[in-house]
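K.L.:
Right, I'll just put the structure down here and ask away after.
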Amino acid sequence: MSQSEQKIVQYLNEAHATEVGLVRVLQSQIAMAPRGTYRTGLEKHLRETQQHAERVQARLREIGATGNPLQAGIGFVEGALSQTLALWKMPLDLVRGGSGEEKVLKNAKDACATEALEIATYTALEHLARSIGDDVTAVLAASIRADEEPASRPTISPRPARRTRSARRPRPSRRPPAARRATPGAPPARPARCRAWRAPAIPGYDELTAEDITGKLAAISQIELAKIAAYERKHDNRSTVLTQVSALQGDEPWPG
C-alpha cells in the first residue's frame, strides 16, 4: 500500500471514529431535548450519522484496510478514543447549564462545531482521493459532506415574543362616531360626496328637490351652471335639472 493510500485509510478511520463518537453524543442530546422540530431534526441527524459510519466502514473493508493489522490497530485506537470522548461528554451534556433551554442551546453550539470538523475531514478526504484517482472514495466523501452541510441540520426556533401592552393594536370601538349616529325619526343621512363636486352657488344642494333647484338657476353664473351640470350628472342625474341648466347655458364669451 502506497503512502497516499495509507493516508486515505487514515482519513477514513478518522471519519469513522468521528461518526461513531457523534452517534453517542446525539443519543445523549436527544434524551434531554423536548419534543418538537429540534428533537425531530436531531433524530434525523442520528440516523444519517449511523448510515455514514456504516458507509465509511464498508469502504474500509472494500480497500482491505480492516485486514491490515497496523491499520486495524490505528482504527481501533481512534475508535476507542472517540468512544471515550463521547462517554465523557454525555454526562457533561446532562448537567451543563442551568435551565433545559440553556442546555439545548449549548448542545446545539457543540453540534455546529462538530459539523465543521466533519465537513473539513470529508473535504480533505475528497481532495486526497481525487488526487490519487480514487474516485469511489472521493464520491463517498462528497456525498457525506453534502449531508453535513449546515442547510440540512436542525435549527432551534425561538419562541415568539409576547406583545407588550403598548405594542398591542388598539381595538376599534364598536360604537359608531357621534356624527354617524342615527337620530330616531330622522331621515337617513345622504352619503358624503367629494368636495370637488359640490355646488357652492346653491347652499344645501343635496337636500333640495329638483323644483327647488330649477327655481334658483336663473341667478347662477355660467361657470356655476357648468359645475352644477357636472355635479348633477355625477350623482342624481335628474333630467329636470339638466334640461333647465342646458336652457340657461350660453355660448362663450359669457356676459360678465
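K.L.:
Using the structure shown, select from 44/106; 7/44; 44/103 the pairs with a Cα to Cα distance greater than 29 angstrom.
P.N.:
Table pairs above 29 Å Cα-Cα are 7/44.
K.L.:
Subtract the Cα-Cα distance of residue 50 and residue 239 from 0.36 nm times their separation in residues, and report this length gain in nm to one decimal.
P.N.:
Gain in length upon complete extension: 59.3 nm.
K.L.:
Along region 12-18, what does the Karplus equation 6.51 cos²θ - 1.76 cosθ + 1.60 (θ = phi - 60°) give for ³J(HN,Hα), rounded to whole Hz, x for Gly and Pro?
P.N.:
5, 5, 4, 5, 5, 5, 5
K.L.:
Need the full-extension length gain, residue 6 to residue 247, defined as separation in residues times 0.36 nm minus the C-alpha distance. One decimal, nm.
P.N.:
75.8 nm
K.L.:
Could you give me the ³J(HN,Hα) list for region 56-64, computed from phi with Karplus coefficients 6.51, -1.76, 1.60 and θ = phi - 60°, whole Hz, x at Gly and Pro?
P.N.:
5, 4, 5, 5, 4, 5, 5, 8, x
K.L.:
Okay, moving on. Which order do the peptides 139-147, 102-110, 216-224 come out in when sorted by mean C-beta neighbours inside 10 angstrom, highest first?
P.N.:
By packing density, highest mean first, the sequence is 139-147, 102-110, 216-224.
Bear in mind that the values in this text are calculations on the coordinates, not laboratory data. Quantities reported herein were computed from a predicted structural model and do not represent experimental measurements. Virtual Cβ from ideal backbone geometry, glycine too; neighbours counted across all protein chains shown.
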